[in-house]
Amino acid sequence: MPAPETLHALFERLGYAAAAIVYWRSARQKHLTPAVLAGAALGAALGARLLYLLCDPAHNVIFGGKTIVGGLLGGLIGVEIAKKLAGIERSTGDAFVIPLIVAMSIGRIGCFLAGPADHTAGNPTSLPWAIAMGDAVPRHPVALYEIAFLLALAPLVVALRRQSPFEGDSFRFFLASYLAFRFAVDFLKPEPHVIAAGLTSVQWACLAGIGYYGFVLTSRTWRRDDRPDSPLPLL
């Protein structure tokens, strides 16, 4: 069987490829410029590694691991910077939702197959659905939890995209929902680097993202000139 690192890398690349296919097959992505895509890619790469550095300061940040939460938040910031530089005011986040769900779901298959050696397996548990992943220790299959969550979330964001009069709402709902899920499920992971109040850096990043979207939605609720074509910040 391939090494855990090989399995993880293989499914990560498969996830990227599948997401690219889903993205380019959708006609709704025509308005996205290369600047927006470049901002998303660069921001995601930097965010994934920088937040991972806070999770594991001893790890090499350039050639070491990545975290999805950091990638999502970094990509979000990168897109907003690119849009400011390019003078784009419309929301662009809806275009990324389904490709992200596809990429993340496939990538988590690699995490599950890699087992504890990949540092993404859950804590030991005696629950009946626990799975021993390479070390004979029954654990929470947190990667499978995440795949199930993402697959359940997909039809909800598709329905919201069709029904909401506001561009970007499906992305906001997707990201806020995923951040809430990760905040909760990370209590089931053996993450040793708690930084404050019993929470890890990833959990604090999740709270920051959720708080921001709470602010965005609250501001929209109270804004008098709120219209479907009114620009809203952050995708």
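The values are calculated or read from the model by the stated rules, or taken from the named source; none is laboratory data. Computed from a prediction, not measured in an experiment: that's the story for all the values here. A quick note on method: Cβ atoms are made from the backbone with ideal geometry, for glycine too, and the neighbour counts reach across all protein chains shown.
Side notes on the structure shown:
- Check on residue 100, closer than 17 Å to residue 184 by Cα and within 14 Å of the chain's Cα centre (by Cα): no
- Selected residue (criterion: farthest from the chain's Cα centre (by Cα)) from residues of region 150-176 that are buried (at least 18 other Cβ atoms within 10 Å of the Cβ) and within 18 Å of residue 69 (Cα to Cα): 170
- Single residue of region 167-212 satisfying the filter (in contact (Cβ under 8 Å) with a residue 24 or more places away in the chain and touching a Lys or Arg at 6+ places or on another chain (Cβ under 8 Å)) that is farthest from residue 146 (Cα to Cα): 167
- Residue within region 127-145 that is crowded, with 19+ Cβ neighbours inside 10 Å, under 14 Å from the mean Cα position of the chain (by Cα) and not polar (S, T, N, Q) present: yes
- Meets criteria (modelled with pLDDT of 80 or more and farther than 18 Å from residue 201 by Cβ) for residue 69: no
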